[in-house]
Amino acid sequence: MIPLLEFPNLVQHYAPYFQNVFSAEAFIEFQRYISGLIVSENKTVDGINRLFVTEARNQSSLNRLLTASPFSLTALNQARLELLADLPGTQMKAKGVLSLDDTLLTHYGQEFEHIALLFDHTSSSYVWAHNLVTLHYSDDQTDYPVLFELWKPVDVTELEAGLRAAGIPLKASKETLKTDAPAKWRGYLVGVWQRRQKKLPALRELYASKLSIAQALLQQWVTEHPAAKLPVVFDNWYTQPDFCRFLTQELALPYVGTLADTDKVNLKEGQFTLGEFAQQLKTEHLHAVATQGKPRFRPITILYKGERETYLSYCNTHHCHHFGKQRLVINYRQADLADNPTFYISNRLTWQAPGITRIRRHRWPVEVYHEEGKAEGLDQYQLRSFSAIQRHVALVAVVYSLLRAAQHDPDLHVQLQRQLNVTLEGNPAAWRRATQAQSLWSLGLFISIGLAQGQSLETLLAPFIRAICRN
């Protein structure tokens, strides 16, 4: 733990952007909280409160910021985006990309509001977690979250009542699942809801699935940025026919989705899986290379975050099963096609492989944000209230955005480099370490000045020792 004698330079530098969001007292607690999220390894309210040794306050003040302060999450997010829009390096650009993804915020125990037992693909096991859906922006200079929302598990009782009130018939043979297999009963009701809500929009009010949240985030984006037609990229889970049609028909947004080798494509010879089609193309390509014929895959080069990447790529328009006519790209990384292919589709039928591949590459930063965001405390909360957890997540997004802004802020660069005499790297983790180092510098300066003024080391260190040893 590095004790804080003052708010870090980075927080002082950007805090004025958020002043109108909070009351005077809440604004102080806001600065304390985000300072702690950056500097402390313990991201809990208690851990953050312990950092401020020369201005000791009861942790209930920080708790109130998350549980009782009347600030608006919408206003907070707007202030964050306005800050990013003020710096050329973090402004949204014509070649920017929006990406969608979700992540599990894992916790032990069931006492957290709206926590659910969810499957974690990284550990191949079920864990208790909240699920965060994020709409993320990325270009070659920067990336940051734009909009986000925590998913809530379905209320089975409300869903059943809503379906019945809408006149949706439920199978009598399924009724025993209520008591015998509640999870299967929930799955049955959600399945009925998924099928019927397509034709009965009123049913959408009963439950917000991850796809529903993703649609709402994108609808909000389009409403707030009607002239911006940034492409949207997403992984295989979000590449579902209805979602793709929503983007094309209702939002008129270009997209790049991801298919699996088990998805199907309709060819003149019949219907094949993409894995089978890729193998056919690979065989034809290797034969053409050996006989000096026309290869099926051609080399392409893209520029991503300042680095050149090369692929062997097939690109053509095909009818993909359930998706209709799509621009299909199949990519390999190795010249002999020995690696596993990747499959991308787009609703822009004139786009070529380099453009589609470049856009798809910009899906990766949202995963990096979820991982680095967890280093900033995204999943390190002990709050039980769902609304308080939402506020915590929003404040972590503020911290990540401040660290991104700092990379492109020459005034802050000069200030910290002069003080620390180090070369600052260009990623959020490096700027978090630089802020920790600056806090350590302030502590050393405080002790040095105190000793020069004749104070004893014991006197100077006493409040720090009390803070560290405090229960």
query: Can you give the translational diffusion coefficient of the chain in µm²/s, computed by Stokes-Einstein from the Kirkwood radius over Cα pairs at 10 °C and 1.306 mPa s?
result: 63 µm²/s
- request: Work out the FRET efficiency for residue 114 and residue 455 from their Cβ-Cβ distance, taking R0 = 60 Å, and round it to the nearest 0.05.
  value: 0.75
Point-to-point label distance, residue 94-residue 181, nm (Cα→Cβ direction, 7 Å offset): 5.6 nm
statement: Expressed as a percent, the portion of alpha-carbon pairs in segment 324-376 spaced more than 16 Å apart is 56 percent
Coordinate range along principal axes, alpha carbons of segment 75-115, Å, largest first: 44, 23, 13
field: Burial order of peptide ranges 101-114, 451-464, 432-445, 396-409 (average beta-carbon count within 10 Å, highest first)
entry: 396-409, 432-445, 101-114, 451-464
query: Size of the dipole of the chain about the Cα centre, Lys and Arg at +1 and Asp and Glu at -1 on the beta carbon, nothing else charged, in debye to 20?
result: 1260 debye
Segment 116-253 - charge dipole about Cα centre, Lys and Arg +1 at Cβ, Asp and Glu -1, debye rounded to 20: 840 debye
- request: At 1.4 Å probe size, with every protein chain present, just tell me what the per residue accessible area of the chain comes to in Å².
  value: 48 Å²
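Computed over the Cα atoms of segment 1-97, what is the convex hull's projected area averaged over all directions, in nm²?
7.3 nm²
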message: Check which residues have an amide H placed less than 5 Å from residue 348's amide H, if you skip close sequence neighbours.
response: 255, 327
field: Estimated FRET transfer efficiency (residue 220, residue 165; beta-carbon r; R0 30 Å; 0.05)
entry: 0.60
task: Find out how many positive minus negative residues lie around residue 92, taking Lys and Arg as positive, Asp and Glu as negative, among other residues whose Cβ is under 15 Å from that of residue 92.
output: -1
statement: Mean Cβ-within-10 Å packing, highest first, puts peptides 193-203, 82-92 in the order 82-92, 193-203
statement: Taking a straight Cα-to-Cα line shorter than 17 Å from residue 178, and setting aside same-chain aspartates and glutamates fewer than 8 residues away, one finds 155, 158, 160
- line: Once residue 414 and residue 75 are pulled to full extension, the length gained, defined as 0.36 nm per residue separation minus their Cα-Cα distance, is 119.0 nm
- prompt: When the Karplus curve 6.51 cos²θ - 1.76 cosθ + 1.60 is applied with θ = phi - 60°, which whole-Hz ³J(HN,Hα) does each residue of segment 167-178 get, with x for Gly and Pro?
  reply: x, 7, x, 10, 5, 4, 5, 8, 4, 5, 5, 3
query: How big is segment 356-471 in terms of Cα radius of gyration and Dmax, in angstroms?
result: 19.2, 67
- line: In this structure, the FRET efficiency calculated for residue 441 and residue 126 from their beta-carbon separation, with R0 = 35 Å, to the nearest 0.05, is 0.15
- request: Nearest 5 is fine: what % of DSSP beta bridges in the chain come out antiparallel, could you say?
  value: 95 percent
field: segment 359-405-segment 231-252 distance, computed between alpha-carbon centres (Å)
entry: 24 Å
Helix-only mean residue ellipticity at 222 nm for the chain, each DSSP H run of n ≥ 4 adding -39500 (n - 2.57), per residue, nearest 500: -13500 deg cm²/dmol
query: Which entries of 95/282; 268/305; 93/198; 210/282; 264/294; 198/305 show an alpha-carbon separation above 30 angstrom in the structure shown?
result: 95/282; 268/305; 93/198; 210/282; 198/305
message: 5 Å is the cut-off here: which amide hydrogens, built 1.01 Å from N in the peptide plane, fall below it relative to residue 408, excluding neighbours closer than 5 in sequence?
response: none
- request: Using the Cα centre as the reference, give the magnitude of the dipole from point charges on the C-beta atoms of segment 51-117 (Lys, Arg: +1; Asp, Glu: -1; all else neutral), rounded to the nearest 20 debye.
  value: 220 debye
task: Could you pull out the pairs from 171/199; 199/325; 152/229 whose alpha carbons sit more than 26 Å apart here?
output: 152/229
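The values are calculated or read from the model by the stated rules, or taken from the named source; none is laboratory data. The structure displayed is predicted, hence computed values, not measured ones. Cβ coordinates were reconstructed from backbone atoms using ideal geometry, including for glycine residues, and neighbour counts include every protein chain displayed. The accessibility values were calculated without ligands, DNA or RNA, using every heavy atom of the protein model including side chains. Shrake-Rupley method; radii C 1.70, N 1.55, O 1.52, S 1.80 Å.
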